[in-house]
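The values are calculated or read from the model by the stated rules, or taken from the named source; none is laboratory data. These figures come from a predicted structure and were not determined experimentally. Ideal geometry is used to build each Cβ from the backbone, glycine not excepted, and the neighbour counts take in all protein chains shown.
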Amino acid sequence: MANELCCSDALIESYAERLKVCGHPLRLKILCLIERQDSCVTELWQCLRQSQPVVSQHLAVLKEKGIVHSEIHGNRRIYSIADPFIRRIVRSFNDADGAAIAPMASAR
């Protein structure tokens, strides 16, 4: 009965690998920004106050693992979250962040 309630080993391995890739604090920040608004590298590194090569390197890892994808719009490469599992997690972070900010704003 207990095995019937557990996720499959393959599913757990898949989730664990994706969570490990996204577990770096800067990658989580990148994902939170991208979830709020699809962004290009310039917008990301300026917002995060990191160098362009550092942000590009983290985006490359996320892209290689299928977490994000990019599309070219004019002369800009726009990134968005491709993985639905990760998108739901990051969306929950952003929802929690907004909920935490709202009471503080209304208290002013």
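Residues are listed down the side, and each one gets a yes or a no for (1) among the hydrophobic types (A, V, I, L, M, F, W, C); (2) out of contact with any Lys or Arg (no Cβ under 8 Å at 6 or more places or on another chain):
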| site | (1), (2) |
| --- | --- |
| 14 | no, yes |
| 18 | no, no |
| 26 | yes, yes |
| 29 | no, yes |
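Restricting attention to the range 61-84, report how many residues are closer than 14 Å to residue 28 by Cα and either surrounded by fewer than 19 Cβ atoms within 10 Å (Cβ to Cβ) or modelled with pLDDT under 95 (or both).
The total comes to 3.
Looking at 21, 41, can you tell me which residue is over 14 Å from residue 83 (Cβ atoms) and surrounded by 11 or more Cβ atoms within 10 Å (Cβ to Cβ)?
Within the list 21, 41, the selection yields 41.
Taking the conditions exactly as written (exposed (fewer than 13 other Cβ atoms within 10 Å of the Cβ), modelled with pLDDT of 90 or more and hydroxyl-bearing (Ser, Thr, Tyr)), does residue 56 satisfy them or not?
no
Consider the range 56-75. How many of its residues are touching a Cys at 6+ places or on another chain (Cβ under 9 Å) and of a type in the set (A, V, I, L, M, F, W, C)?
Residues that pass the stated criteria total 2.
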